[in-house]
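The values are calculated or read from the model by the stated rules, or taken from the named source; none is laboratory data. Note that the structure is predicted; figures quoted are calculated from it, not measured. Cβ atoms come from the backbone with ideal geometry, glycine included; neighbour counts cover every protein chain shown.
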Number of protein chains: 2
Amino acid sequence: MTSAGSTKPPPAPRRSASARPRGRARREVLLDAVLQIVAERGTDAVTHRRVAEVAGLPLASTTYWFDSREHLLTAALELAAERDIARLRAHVERAPDDAEPVALAVSAVVSPTDPIRSSLVTTYALLLEAARRPVLRDVAQRWTAAYLDAIGELLERAGSRRPRADAELLLAAADGLLIEQLASGHSADLQPHLVRLARSLIASS
Amino acid sequence: MTSAGSTKPPPAPRRSASARPRGRARREVLLDAVLQIVAERGTDAVTHRRVAEVAGLPLASTTYWFDSREHLLTAALELAAERDIARLRAHVERAPDDAEPVALAVSAVVSPTDPIRSSLVTTYALLLEAARRPVLRDVAQRWTAAYLDAIGELLERAGSRRPRADAELLLAAADGLLIEQLASGHSADLQPHLVRLARSLIASS
DNA sequence: CAGGTTTCGGTACATATGTACCGGTGATTG
DNA sequence: CAATCACCGGTACATATGTACCGAAACCTG
């Protein structure tokens with residue numbers, strides 16, 4: 001359904017006019033709107049008008065803060081990466097020191113509690129975009145590097161002899177399973193499978 | 001701009017007018033064009049005009065064979081899945097009976113010889129589309145099911161006690177590694193890592 | 001070969017979209 | 001207090017795009 005009806009009945013996803021963010025805060029509100037649209041309808045659906053509408057801001061605000069549609073997309077994806085890396089770090093640091101390292105590593109990647117679920121499509125959309133736009137490769141690389149560092153350290157603590165290689169396989173398996181879940185629409189707890197994988201990798205080194 | 005671009009160097013992907021396919025063959029030519037466009041520029045870039053241009057056919061041919069843009073995309077995904085499944089089956093059947101099952105399973109998934117490389121982006125882009133369009137889910141499910149069947153059988157032959165679960169992890173890891181390669185632009189032989197993973201899964205069951 | 005049906009392909013048109021323009025405005029600074 | 005400047009937001013416009021239309025051509029079918 002195109003959101004634009006013949007007349008404009010108040011679709012009112014827009015925040016109250018009094019709370020309208022101003023100044024630089026607007027930038028982030030716009031990027032949030034982009035991320036939401038990407039998650040719900042894909043990158044195709046990211047248009048200036050839709051972004052402005054979802055953000056509850058006038059059309060021109062998108063062109064004021066971002067030169068072009070491409071700029072809008074890349075900035076949004078950078079923000080997503082940044083946030084997810086922060087989430088990852090927090091998840092690891094928040095854990096008690098005596099936490100089981102393998103379980104911790106797995107839960108950092110596929111966390112049923114954290115609300116990464118809705119942003120997963122966005123995540124993988126970014127990775128795919130990076131395949132086509134070299135500008136995004138840096139972001140994509142830092143992103144996976146952050147994961148590999150965190151997981152690698154945990155696996156090493158769990159007794160892995162080649163933490164980096166094991167981390168790569170564990171992360172890859174998690175990504176693959178998640179993508180398959182997204183595509184099939186199923187949802188099951190992936191943690192047991194990934195824990196088994198991690199344990200068998202560590203054991204057979 | 002519809003014909004040969006004035007500034008553009010001869011893109012000439014268009015087949016000679018005499019060889020212009022007619023009838024139902026046209027359908028497949030159009031879908032090939034869609035797949036090529038998705039691979040090179042993403043699903044955003046799939047427009048009726050571009051598809052027609054790449055296929056070397058008039059604009060109206062796209063609307064004649066496909067009701068809508070969405071129909072064009074879903075049909076293209078079905079074609080890609082169908083072809084890849086055929087490729088997979090051929091790969092497995094072509095192998096000698098005494099081939100090492102684990103190596104065979106791995107090479108079926110990440111084959112350095114077959115030209116799936118260029119179509120990988122397309123594959124994953126369409127899987128992501130399936131996350132958003134339920135119409136595509138059937139196709140996506142048959143696709144992965146075909147892989148799981150083939151790999152599972154090989155892993156069982158290699159001594160796995162839970163071939164299905166192991167196949168799921170192996171396939172997921174392959175997907176994850178491939179996506180990361182696409183995103184980072186790197187390319188290395190993934191087979192050794194996946195062989196190690198498969199062997200350790202089998203060993204630790 | 002005649003009639004009918006499918007396919008073809010040029011064209012038209014309403015809409016969606018990117019983006020520029022420009023007068024306004026409100027906060028900050030001197 | 002007034003000048004300034006970053007910021008705001010309505011509007012305009014050229015282009016891209018989806019899609020319908022319709023006469024012509026090719027292809028059957030009898």
| Within segment A:158-170, is there a residue that is more than 9 Å from chain B (Cβ to nearest Cβ) and of a type in the set (Ser, Thr, Tyr)? | yes
| message | Would you confirm, using the coordinates I've provided, whether residue B:131 is small (Gly, Ala, Ser), out of contact with any Gly (no Cβ under 7 Å at 6 or more places or on another chain) and within 10 Å of another protein chain (Cβ to nearest Cβ)? | response | yes
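So which of B:60, B:52 is free of Cβ contacts under 8 Å to residues at least 12 places away in the same chain, among the small types (Gly, Ala, Ser) and either touching a helix residue (DSSP H, G or I) at 6+ places or on another chain (Cβ under 6 Å) or within 9 Å of DNA strand C (Cβ to nearest atom) (or both)?
Checking each option against the conditions leaves just B:60.
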| query | within 14 Å of chain B (Cβ to nearest Cβ) and either more than 14 Å from DNA strand D (Cβ to nearest atom) or surrounded by fewer than 19 Cβ atoms within 10 Å (Cβ to Cβ) (or both): does that describe residue A:49? | reply | no
| query | In segment A:91-106, which residues are under 17 Å from the mean Cα position of the chain (by Cα) and modelled with pLDDT of 95 or more? | reply | A:106
| message | Every residue in segment A:83-110 that is out of contact with any Phe, Trp or Tyr (no Cβ under 8 Å at 6 or more places or on another chain) and under 18 Å from residue A:37 (Cα atoms), please. | response | A:83
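Each row is one residue, and each column tells you yes or no for (1) of a type in the set (Gly, Ala, Ser); (2) surrounded by 18 or more Cβ atoms within 10 Å (Cβ to Cβ); (3) touching a helix residue (DSSP H, G or I) at 6+ places or on another chain (Cβ under 7 Å).
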residue	(1), (2), (3)
B:76	yes, yes, yes
B:99	yes, no, no
B:105	yes, yes, yes
B:111	yes, no, yes
B:130	yes, yes, yes
